[in-house]
Amino acid sequence: PIGNGDQDLHRVMLRLCSLFFRYYSTWGHVATLAEEIKKGADSVPGVEVTVWRVPETLPEEVLGKMHAAPGREDHPVITARQLAEADGVLFGFPTRFGMMAAQMKAFFDSTGGLWQEGALAGKPAGVFFATGTQGGGQETTALTAVTQLTHHGMLFVPVGYTHGAGMFAMDEVKGGSPYGAGTFAGADGSRTPTDAELALAEHQGKYFAGIAKKLKAVV
């Protein structure tokens, strides 16, 4: 589908500081980014990381026609209530026409009870994403996702340009931005994350974990 990225969603929580990475994945691109982000977060002492999937909303027949990858059994499916257990959350998702995929939006829509309680207010949060093409909406996907975090009162933690010179390099096509790590899946999902994209993902995990740990220490 033109302009649409891999059907992946991820999320991270910090406990100890505890971090959860939550995702939805069809082709596996965002799941791959989530594992790299976890690798970076795991390098920060005192941080516990868990990777989760959000519930699938499409029937198996449709997923089969989309050549979707099977859900990873090592990444359990999360419920909205479990979000409240996190000290910090990273959300990962594919782009659908310039914004997050419906599966992740459906999960956010299920968090109304948490919103009423203010259960997520003050928790640091960030995003990472996959799009099908260079014009598929890497930045608009991140920008529109921020509205979800804002209504919950979460503290958006962008990666900025903290990864250094590599973020300015123009010698190759690569996903990711100051908003967060990213990858291009290709219109048919055949492109896999590059070394540069994976490096930014690992950096985001380490950077976000450090910020969340500092915030937890002063609460």
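For segment 165-219, the solvent-accessible area works out to 51 Å² per residue, with a probe of 1.4 Å and every protein chain left in place.
Taking amide H as placed 1.01 Å from N in the peptide plane, the amide H of Arg191 sits under 5 Å from that of Gly186, each at least 5 places away or on another chain. What do you get for GluC sites (Glu not before Pro) in segment 163-219 restricted to DSSP loop and a cutoff of at most 15 other Cβ within 10 Å of the site's Cβ? Answer in residue order: Glu172.
Taking all protein chains into account, the per residue accessible area for segment 76-118 stands at 42 Å² (1.4 Å probe). Modelled spin-label separation between Lys39 and Glu172, with each label point placed 7 Å from Cα along the Cα-to-Cβ direction: 1.4 nm. Under 5 Å between amide hydrogens, which residues at least 5 positions from Ala130 or on another chain qualify, with H placed 1.01 Å from N in the peptide plane? Under 5 Å from the amide H of Ala130 lie the amide H atoms of Phe93, Thr95, Thr183, each far enough along the sequence or on another chain.
Couplings for segment 29-38, taken from phi via the Karplus curve 6.51 cos²θ - 1.76 cosθ + 1.60 with θ = phi - 60°, read 5, 6, 4, 5, 4, 4, 5, 5, 4, 4 Hz in order; Gly and Pro are left as x.
What is the local net charge at Val218, summed over the other residues whose Cβ is closer than 14 Å to its Cβ (Lys, Arg +1; Asp, Glu -1)? Once all neighbours under 14 Å are counted, the net charge is +3.
For the residues His151, His203, a 1.4 Å probe over the protein chains yields an accessible-area ranking, largest first, of His151, His203. Sequentially through segment 184-189, phi angles give Karplus couplings (6.51, -1.76, 1.60; θ = phi - 60°) of 9, 8, x, 4, 10, x Hz, Gly and Pro residues having no value and appearing as x. Of the chymotrypsin sites (Phe, Trp or Tyr not before Pro) found in segment 75-172, the ones in coil according to DSSP and having at most 12 other Cβ atoms within 10 Å of their Cβ are Tyr161.
Shape summary: segment 68-204 maps onto an equivalent ellipsoid whose semi-axes, from the alpha-carbon gyration tensor, are 26, 18, 14 Å in decreasing order.
Work through the residues other than Val159 whose Cβ is under 12 Å from its Cβ and net out their charges, Lys, Arg +1 and Asp, Glu -1. Once positives and negatives cancel, what remains is 0. Sequence-ordered 3J(HN,Hα) estimates for segment 40-55 from the Karplus curve with 6.51, -1.76 and 1.60 and θ = phi - 60° stand at x, 5, 5, 6, 8, x, x, 10, 10, 10, 10, 9, 10, 10, 8, x Hz, glycine and proline given as x.
Taking amide H atoms as placed 1.01 Å from N in the peptide plane, the amide H of Gly180 lies under 5 Å from those of Val159, each 5 or more residues away in sequence or on another chain.
The values are calculated or read from the model by the stated rules, or taken from the named source; none is laboratory data. As the structure is a prediction and not an experimental result, all values here were calculated from the model. Please note: Cβ atoms are built from the backbone with ideal geometry, for glycine as well, and neighbour counts cover all protein chains shown. Accessible surface is based on the protein model in full, side chains and every heavy atom, while ligands, DNA and RNA are left aside. Shrake-Rupley method; radii C 1.70, N 1.55, O 1.52, S 1.80 Å.
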